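Participant: Just dropping this structure here.
The values are calculated or read from the model by the stated rules, or taken from the named source; none is laboratory data. Nothing here was measured: the structure is a model prediction, and the numbers come from that model. Here Cβ is always computed from backbone atoms with ideal geometry, including for glycine, and neighbour counts include all displayed protein chains. Remember, those area values only see protein heavy atoms, side chains included, never the ligands or the DNA or RNA. Shrake-Rupley method; radii C 1.70, N 1.55, O 1.52, S 1.80 Å.
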Amino acid sequence: MIHSELLKRVPLFEELSDGELDALSQVALLRTFPKDRVVIMAEEEGDSLFVIHDGQVKVSIVSEDGREVILSILGEGNFFGEMSLLDGHPRSANVTTTQETELLMVRRADFLRFIQKSPKTAIKLLSVLASRLRVTDRKIEGLALSDVTGRITQTLLQLADEQGVPTQEGVVIKDRPTHQDLANMSGTTRETVSRILRRLENQGYIVPRGRDLLIVGTDLKDQVQ
Ligand code: CMP
C-alpha cells in the first residue's frame, strides 16, 4: 500500500481530501522500472494510468521511415497513459524510461471512479491535457515555420521551461537529453544537433556542463525564426 503523503505530492491528486487519498493509496501500486524499459507500447490495449514518483520517461512514436520522434519528456509528478483510459482506443504512443524510474500505477476502473467522484481532479486533468495540446501546437508551428536552428533552439527553450533550474547565470537543464534524443525531438539528425549546439556554444548562448546544459540569459529566443 502506498502512503497517502506520497500521493499528495502529485499535482493531479493535490485536490483530493485525506479520505480520498487514503482510498487511492489502497488501490495504487508502486513499481520501479530500470532505465530504457518500455512501460507503454503504442497500439496495445491500455488498462492503467501511470504517475511518475521519481525519474523520467520519454513519449515517442516511430515515423514511417523508422525514425523515433520524441513527443515529450515527462518528469516527477507528471502522469501518462490517461488517453486510452479516457477514449477506449489503443495506446497512442510508446513510453520508455530514460533513467531508473519509480511509477505509481492506478488501474482504469479506479482512475475513472476517482475522476467521476472528484470534479477538481477532473478539471486538473483537463488543464494538463490543454497545456500538452498547447505545447504540441507550438511544436507543429515550429516544424512548419522554423529552420533547423529554430527547431533545436525551441526544443532547448521548451526543456528549460518545463524542467530548467533557474540560477544567477541562466537556466540549467539537468541531465539533458542525448544529442540523438534532441534530434528526435527536433526533427533532424544527431550530426546537425552536434553542429548547431557547437555554434550556439561558440556564440555564448549555451554552456555545456557535463550532462547538464546552461542556457545563458534569454538571448537564445532570438534564434527562433
Ligand atoms: P495513452 O495513449 O494511453 O498511452 C501513451 C501515452 O503517452 C498517452 O496516453 C499520453 O499519456 C502520452 N502522450 C501521448 N501524446 C503525448 C504528447 N503529445 N505529449 C505528452 N504526452 C503524450
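Participant: Applying the selection to the stretch 151-180, what residues are charged (D, E, K, R) and under 17 Å from the mean Cα position of the chain (by Cα)?
Facilitator: Within the stretch 151-180, ASP161, GLU162, LYS174, ASP175, ARG176 qualify.
Participant: Based on what the data block shows, is THR136 of a type in the set (S, T, N, Q), away from the ligand (no atom under 13 Å from the Cβ) and either within 24 Å of LYS174 (Cβ to Cβ) or not in a loop (DSSP other than H, G, I, E, B) (or both)?
Facilitator: no
Participant: Still on this structure, please answer the following. Scanning the stretch 105-137 for residues that are over 15 Å from the mean Cα position of the chain (by Cα) and of a type in the set (D, E, K, R), which turns out surrounded by the fewest Cβ atoms within 10 Å (Cβ to Cβ)?
Facilitator: ASP137
Participant: So, one more: Given the criteria surrounded by 19 or more Cβ atoms within 10 Å (Cβ to Cβ), assigned to a helix (DSSP H, G or I), within 21 Å of the chain's Cα centre (by Cα) and free of Cβ contacts under 8 Å to residues at least 40 places away in the same chain, does ALA183 qualify?
Facilitator: yes
Participant: Taking the stretch 76-104 as the region of interest, how many residues are in contact with a helix residue (DSSP H, G or I) (Cβ under 6 Å, 6 or more places away or on another chain) and either open to solvent by 30 Å² or more (accessible area, probe 1.4 Å) or within 12 Å of the ligand (Cβ to nearest atom) (or both)?
Facilitator: Summing the residues that are in contact with a helix residue (DSSP H, G or I) (Cβ under 6 Å, 6 or more places away or on another chain) and either open to solvent by 30 Å² or more (accessible area, probe 1.4 Å) or within 12 Å of the ligand (Cβ to nearest atom) (or both) in the stretch 76-104 gives 4.
Participant: Going by what's in this entry, would GLY142 be described as within 14 Å of the ligand (Cβ to nearest atom), in contact (Cβ under 8 Å) with a residue 60 or more places away in the chain, within 23 Å of ILE196 (Cα to Cα) and part of a helix (DSSP H, G or I)?
Facilitator: Answer is yes for this residue.
Participant: Given (1) open to solvent by less than 30 Å² (accessible area, probe 1.4 Å); (2) assigned to a helix (DSSP H, G or I); (3) in contact with a Leu (Cβ under 7 Å, 6 or more places away or on another chain), identify the lone condition not met by LEU157.
Facilitator: Result: LEU157 passes all but (1).
Participant: Hey, does the stretch 26-43 have a residue that's among the basic types (Lys, Arg) and in contact with a helix residue (DSSP H, G or I) (Cβ under 9 Å, 6 or more places away or on another chain)?
Facilitator: For the stretch 26-43, residues among the basic types (Lys, Arg) and in contact with a helix residue (DSSP H, G or I) (Cβ under 9 Å, 6 or more places away or on another chain): absent.
Participant: Could you grab me the full set of residues in the stretch 1-50 that are surrounded by fewer than 14 Cβ atoms within 10 Å (Cβ to Cβ) and among the polar types (S, T, N, Q)?
Facilitator: Once the filter is applied, which keeps residues that are surrounded by fewer than 14 Cβ atoms within 10 Å (Cβ to Cβ) and among the polar types (S, T, N, Q), the stretch 1-50 yields SER17, GLN26, THR32.
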